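Notes to accompany the following structure.
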Amino acid sequence: MTSQKDLESASALASTSTSTPKPRKRLLGAMAGLAVAAALTAVAVPAAAQGQAPHPASSASATHRHLSPLQVTSAFYASYNGDLAAGFDRYISKDLVLHGFNGPEDREAWIKGDLDIKAGLTGFKMTVLDQIVEGNKVVTRWSFTGVHTGTVFGIPASGRTVTLSGISIDRVMHGQSVEHWSEGNFGRFLDELRGDTPPGTVTPSAK
């Protein structure tokens, strides 16, 4: 039989064990709290703040560079001695602002005119005499020549060696010429085609 004293002792013991947690339970509770805090921090802090490297695709995009204005114009004028149609397509913007020999003109008319000239001159050769770069603009002094063996601008073949020279300015953005100016001896070139000007009188100096 349990005495009153035994009951009081048992009650006191139960009360003490309930209110005071054991050291092992206290340690486990602290560790669990730290784990939760670390998980929340990992979610809240951006990847860049944790020192993670940027995505490879982003790095590749950031390092992509267009050709320089000089590279663009050099390649374009070189295409006159190769695939000129491809040169126009690659280096001359579809939204080009054009200021030609006779004022603003149409990009497609420029392409057609130069392709017709090249087709009508046997031994066609474009020579770049000078190029000067200022910011995103390139000034090019050029000359081309050939033997007039086909119809050019409605003028039938004359068999004459003809030359056209001029100076062009290209404003280059994102790897293409977006604005183009030209000045040259186009009138004399037409006279040469017709036979109205003695051959060789308009050949530019290389110096």
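Only the coordinates and a few stated rules stand behind these numbers; no lab work does. Values in this document were obtained by computation on a predicted structure and should not be read as measured data. Virtual Cβ from ideal backbone geometry, glycine too; neighbours counted across all protein chains shown.
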Which number gives the lysine pairs in segment 69-194 that have C-alpha atoms under 24 Å apart and are eight or more places apart or on different chains?
-> 4
Arrange Val97, Val178, Val138, Val162 by Cβ neighbour counts within 10 Å, fewest through most, would you?
-> Val97, Val178, Val138, Val162
